[in-house]
Amino acid sequence: MSQLKLSKGSWSTQSVFIMAAVGSAVGLGNLWKFPYITGEYGGGAFVLVYLFCILLIGIPVLFSEFILGRNGKANPVQAMANVARENNGSKAWAALGFNGVLAGLLILSFYSVIAGWALFYFVESVQGKFVGADAKAVGNLFEGLLGSQVELIFWHSLFALTTIVIVAKGLKSGIEKAINFLMPGLFFILLILLGYATTTGYFAQSFEFLFKPDFSKLTWNAVLVAMGHAFFTLSLGMGSMMVYASYVSKQHSIVKAGLWIAFADTIIALLAGLVIFSIVFANGLEPGAGPGLLFQTLPVAFGEMAGGWLFGSLFFALVVMAALSSAISLIEPAVSWFEQNWAMSRIKAAWLLGAIVWVIGLGTVLSFNAWADLHFLPEKSFFDSIDFITANIMLPLGGLMMTIFIAWVMKKQVVEAELELQTELLNVFYFIIKWIAPIAVIIVFASNLVSKENLWPMIAVSIGVYLVYLVNKVRAGGVAER
Ligand code: PFF
């Protein structure tokens, strides 16, 4: 039997680990994606489903990922191979890590393009371009950006390059330090914006939009999107949290860390939503405006408020930094896999993977202009297709398999020692990951399988999962390992 391959190093303190994990969780998902999908899927009912998903699926999956990471002590592919071996499970569990590595690279490809928008907005804001700008002027600026391939590619490249350089350096301590002041800074500016939102006269309407559920607007597709977003926003199902947990030492509590991360992530998303929808309603904008929502609303607020130039610049700088700390965690599983399993230097791995991500990102750039009418999945542009496949399929599937592994394959005493929960709470955890979380994910998947819109991607996933199963069977000579 070959030696276990393990990650070296560990976080200096528990709070640094929490900060880094919060840094991974809090990003464009909270500030950009949550408000725009909430707008698209009708508000309150969607938010309620999302909150349920965080509580009933997100948090237990987060704990599961932490357990696997700390136990597997390696990149996701190797960590899964390690824990499978130690618990007499099949080798095929490594495919779960591979699913995560791939999902991370695909997500980063569009993440970098959108973070590029924020970089562009930061520079515009520093130049005072938003001072006095109304909703129409800001809308035109945004349209102009989307129409220009050169600009989009320039900002996408700049963001991708920054991510690569940081990851290549393995700047864990740099990231640790930056995150320590970034997250409180972001929270502080959101509070200032919240103060502004209350002066628009539309705060109550925004609050109602987010928290008063209208179930007539809820569709199965919305439930799938809400669940997918719970995975996306908590960075679940793809091994980011697993890699981070592989650096956590035994004396730290992963339960406490997990609860803090989920809490911080949710609060920041809700605050961003409250602010953005106040501005949307105050300016007669469309809540369902799509991916441009954040970029078409907040500059209006910055243009009107005293000191808006400064706050605007700071805000977009923080968005970029929040995106950066997430981007690092998106590529880290792949980089550490190449480093540990393919004996490639960290620098080479970061540049190679970064280049691949950059090229795929060009598809997202084009989907806002030249390829706007080209559909890759039915009725979905390149960007929408990658977003759909990753957030709504690969991440929930990854999370589902993780809970199945913990619930049915991993030895109970290992889980017990990892979580250090009282018996009743441990039983609640087991009940959720054995029954509630998997069944919820499967129901949402299955209901989408019967919806015409998502039929093809869902069939493709089913075939993919079956192929992995077959390959494993053939490799094992048709004899089940356990
Ligand atoms: N959680 C990040 C966000 O909300 O922006 C995105 C993300 C990072 C997703 C890392 C997945 C991941 F592994």
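Hey, got a sec? Which trypsin sites (Lys or Arg not before Pro) in the range 323-415 land in a DSSP loop and have at most 15 other Cβ atoms within 10 Å?
Numbers: sites: ARG346, LYS348, LYS380, LYS411, LYS412; in loops: LYS411.
Passing sites in the range 323-415 are LYS411.
Taking the Cβ of each residue in PHE277, PHE181, PHE120 as the centre, tally the other Cβ atoms inside 10 Å and list the residues starting with the fewest. Please list the in-between numbers first.
Details: PHE277 28, PHE181 11, PHE120 22.
With the fewest neighbours first, PHE277, PHE181, PHE120 line up as PHE181, PHE120, PHE277.
Listed highest first by mean packing, meaning other Cβ atoms within 10 Å per residue, what order do 387-393, 58-64, 259-265 come in? All intermediate terms of the calculation are to be shown ahead of the outcome.
Numbers: 387-393: 23.3, 58-64: 27.6, 259-265: 19.7.
So the order, starting with the most tightly packed, is 58-64, 387-393, 259-265.
For the chain, give the magnitude of the charge dipole about the Cα centre (Cβ charges: +1 Lys/Arg, -1 Asp/Glu; no others), in debye to the nearest 20.
Dipole about the Cα centre, nearest 20: 1600 debye.
Just how far, in whole angstrom, is the range 272-308 from the range 71-87 if you go by their alpha carbon centroids?
The range 71-87 and the range 272-308 have Cα centres separated by 45 Å.
For each pair in LYS91/LYS348; LYS91/LYS412; LYS250/LYS412, compute the distance between the two Cα atoms and list the pairs where it is over 23 Å.
Listed pairs above 23 Å: LYS91/LYS348.
Can you give the charge dipole size of the range 30-159 about its Cα centre, rounded to the nearest 20 debye, using +1 on the beta carbon of Lys and Arg and -1 on the beta carbon of Asp and Glu?
Values: 7 positive and 7 negative charges, 101 e Å.
That gives a dipole near 480 debye.
Between the DSSP loop rule and a limit of at most 12 other Cβ atoms within 10 Å, which GluC sites (Glu not before Pro) in the range 370-431 are left? Please report the intermediate quantities before stating the final value.
Details: sites: GLU379, GLU416, GLU418, GLU420, GLU424; in loops: GLU379, GLU420.
Sparse-neighbourhood loop GluC sites (Glu not before Pro): GLU379, GLU420.
Once you order the gyration tensor axes a ≥ b ≥ c over the Cα atoms, which shape class does the range 280-420 get: rounded for a/c under 1.5, otherwise prolate or oblate by comparing a/b with b/c?
Values: a/c = 1.72, a/b = 1.60, b/c = 1.08.
It is prolate, given that a/c is not under 1.5 and a/b is the larger ratio.
Roughly how far apart, in whole Å, are the Cα centres of the range 333-365 and the range 410-436?
Result: 35 Å between the Cα centres.
Just to check I understand the Karplus step: with θ = phi - 60° and J = 6.51 cos²θ - 1.76 cosθ + 1.60, what whole-Hz values come out for the range 394-407, glycine and proline as x?
Residue by residue, the range 394-407 yields 5, 5, x, 5, x, x, 4, 5, 5, 5, 5, 4, 5, 6 Hz.
The range 88-149 to the range 193-260: how many Å between their Cα centroids?
That distance is 18 Å.
Show me the ranking of peptides 320-330, 196-206, 220-230 by mean Cβ neighbours inside 10 Å, starting with the highest. Walk me through the numbers before you get to the answer.
Working: 320-330: 25.0, 196-206: 17.3, 220-230: 23.2.
With the highest mean Cβ count within 10 Å placed first, the list reads 320-330, 220-230, 196-206.
Which of ARG70, ARG85 has the fewest other C-beta atoms within 10 Å, and how do the rest follow up to the most? Provide the component values of the computation, followed by the final result.
Details: ARG70 21, ARG85 18.
Taking fewest neighbouring Cβ atoms as first place, the list is ARG85, ARG70.
Rg/Rh for the chain to two decimals, with Rh computed the Kirkwood way over all alpha-carbon pairs.
Expressed as Rg/Rh, it is 0.96.
Could you compute the net charge surrounding ASN369? Neighbours are other residues with a C-beta less than 15 Å from the C-beta of ASN369; K and R count +1, D and E count -1. Display every interim value, and only then the final one.
Details: positive: none; negative: GLU143, GLU151, ASP373, ASP384.
So the surrounding residues net to -4.
Project the alpha carbons of the range 1-160 onto their principal axes and report the range along each, largest first, in whole Å.
For the range 1-160, the Cα spread along each principal axis is 66, 38, 32 Å.
Among the trypsin sites (Lys or Arg not before Pro) within the range 206-282, which fall in a DSSP loop and have no more than 14 other Cβ atoms within 10 Å of their own Cβ? Present the calculation step by step, with values, prior to reporting the outcome.
Details: sites: LYS217, LYS250, LYS256; in loops: LYS250.
Within the range 206-282, the qualifying trypsin sites (Lys or Arg not before Pro) (loop, at most 14 other Cβ atoms within 10 Å) are LYS250.
Apply the a/c threshold of 1.5 to the C-alpha gyration tensor of the range 172-267 and tell me whether it is rounded, prolate or oblate.
Numbers: a/c = 2.91, a/b = 1.40, b/c = 2.09.
Oblate shape, in that a/c is at least 1.5 and b/c is the bigger or equal ratio.
Short version: ³J(HN,Hα) in whole Hz for each residue of the range 317-332, in order, from phi by Karplus 6.51 cos²θ - 1.76 cosθ + 1.60 (θ = phi - 60°), x for Gly and Pro, what are they?
Using θ = phi - 60°, the values come out as 4, 5, 4, 4, 5, 4, 5, 5, 5, 7, 4, 4, 6, 6, 9, 4 Hz.
Say each of LYS212 and LYS91 gets a label point 7 Å from the Cα, pointing the same way as Cα to Cβ; how far apart are those two points in nm?
About 6.0 nm separates the two model spin labels.
The numbers here are math on the coordinates, done by the rules we state, and not lab data. These numbers were taken from a predicted model, which means no experiment stands behind them. Counting neighbours? That spans all protein chains shown, and the Cβs are built from the backbone with ideal geometry, glycine included.
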